Amino acid sequence: MNVPEPLTKGMKPKEHFWSAEIIALTENTWIKMTNRVGIAFLNRLLHRDGTESLKMKTLSEMCDRHGNELMDYQNQHASSILVEHHFDPETGIPQGDADLNSLQENGSENVPISQERKAQIDEYIERYNSSKQDGISIQMTDQQWSNLETPDMSTVYIALDGVGVKRQKDKREQDKEKQTAPPANAEENLSAAPKQKGRPSVETSVAHINIGNNRYVLLADSMMKLCLYVLAFLLEFNLLSGYRLVFLADGAKDIKASLEAVFGFRRYTVLLDWFHLRKHCAETISMMLRAGKENRDTQYRIKRTLFRHLWCGNVQGAISFIQGLSSDTIRNEARRRELIEYLERKEYAIQCYAVRRYLGLTTTSNPVEKANDLTVARRQKKKSMSWSRHGSIGLAALTALYMNNEAEGWHESHTLSYGMYEKYGDGMVAA
């Protein structure tokens, strides 16, 4: 039997060749079930027992290999696209022959909001401000007006996030009985580096690209590499020319640094997810203010007022409000400074959420949070699980393959179409 070389690539000696249907069944089992449950299910389904039974290590290595082959293909494909369009495949920096003017929203100029739409927004702002009696009003800055997209614009929404799982230890610890305790009178080595708190994790970066009702999920082992994949995706399908880019994020530093490094050649907007903004501020305020039942009403009032400022996109008003709080209500001045510095750092990504809600625009990065859950967290964050770097990213890549409805094409020709879709594929349920 002549077997196509791509289907046997990477197979070990004496490893049986399986049909695409059996491979798909095995991958789906590995994606949706724990290792022990999955291997028991496959052996029962295929009527294998004893010496003929499938071994957990064999299937685990096979799925890891398939997943990492996917990641290698994605990396090579993205590099070829970047080189074709005269971008450095390692840094994303445009080279001398890159036509940057053709990769902007509208040639070399930005797309302004139409006068009719501007009048509608102004009318809404006037109604909103007149209905509030506490003096907190919408006062959009020029930068916020410039960053605001409208439903009639061609916009690509790209939600970015990272997710970590417990990392396997390189070596198993010795039995406690074999470990020798240090002498009671032993002096502490103050020059030694402090032990790292918490267990190291394996990080996976995920991007959810959305245009209208169509979507696609990309992932990588670092945020910088993920942004390069996103750039290659946009270049391949001509989604930079004439499109506005809106990145949705939780405010992580690595996201900001990676976007500036890769997309610094064109204009884009970053929107700080409302849930993360509100959560961070609420937690900091709880540590900043005096506690106790007698202070609950004060805490509620301060949080509510701060959130009203931020919902209107009024960052300077929020900072002034925090600065003006009486010292009698403050328990920790360091937390007050921390909150003010946080708002100053994130001001570039805090838009007017009230106007966005009125226009029916997104205020959240929920799509990538769901993608994180489906590709990584749901399978890899169960109790007592830990993962190697190649095992975690390999399994996540396989999951994304089925989410993106790419499995059939990959098993037939080992290529990806990168075609966008409306619904997650193969039983992947999205909220």
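Nothing in this text is a laboratory measurement; each read-out follows from the coordinates by a stated rule. It should be emphasised that the depicted structure is a prediction, and the values quoted were computed from it without experimental measurement. Quick reminder, even Gly has a Cβ in these numbers, built from the backbone with ideal geometry, and neighbours come from all protein chains shown.
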Roughly how many whole Å is it from the C-alpha centroid of the range 215-290 to that of the range 62-88?
21
In nanometres, what is the gap between the two model label sites at His86 and Asn101, each 7 Å from Cα along Cα-to-Cβ?
1.2
The chain, helix-only ellipticity at 222 nm - DSSP H runs n ≥ 4, -39,500 (n - 2.57), divided by all residues, nearest 500
-14000 deg cm²/dmol
Cα-centre dipole for the range 32-145 with unit charges at Cβ (Lys and Arg positive, Asp and Glu negative), debye to 20
1120
Lys/Arg +1, Asp/Glu -1 at C-beta; the chain dipole; positive extreme among Leu148, Leu325, Val83
Leu325
If each residue of separation counts as 0.36 nm, what is the full-extension length gain between Asn43 and Glu294 once their alpha-carbon separation is subtracted?
84.1 nm
Name the residue from His208, Thr305, Leu234 whose Cα lies farthest towards the positive end of the charge dipole of the range 199-334, charges +1 on Cβ of Lys and Arg and -1 on Cβ of Asp and Glu.
Thr305
Give the residue from Ser60, Met224, Val246 lying farthest towards the positive end of the charge dipole for the chain; charges sit on Cβ (+1 for Lys and Arg, -1 for Asp and Glu) and the dipole is referred to the Cα centre.
Ser60
Return one number: the angle in degrees, 0 to 90 and rounded to the nearest 10, between the long axis of the Cα atoms of helix 115-131 and the longest principal axis of the Cα atoms of the chain.
70
How large is the dipole of the chain about the Cα centre if only Lys and Arg carry +1 and Asp and Glu carry -1, each at its Cβ, rounded to the nearest 20 debye?
2180
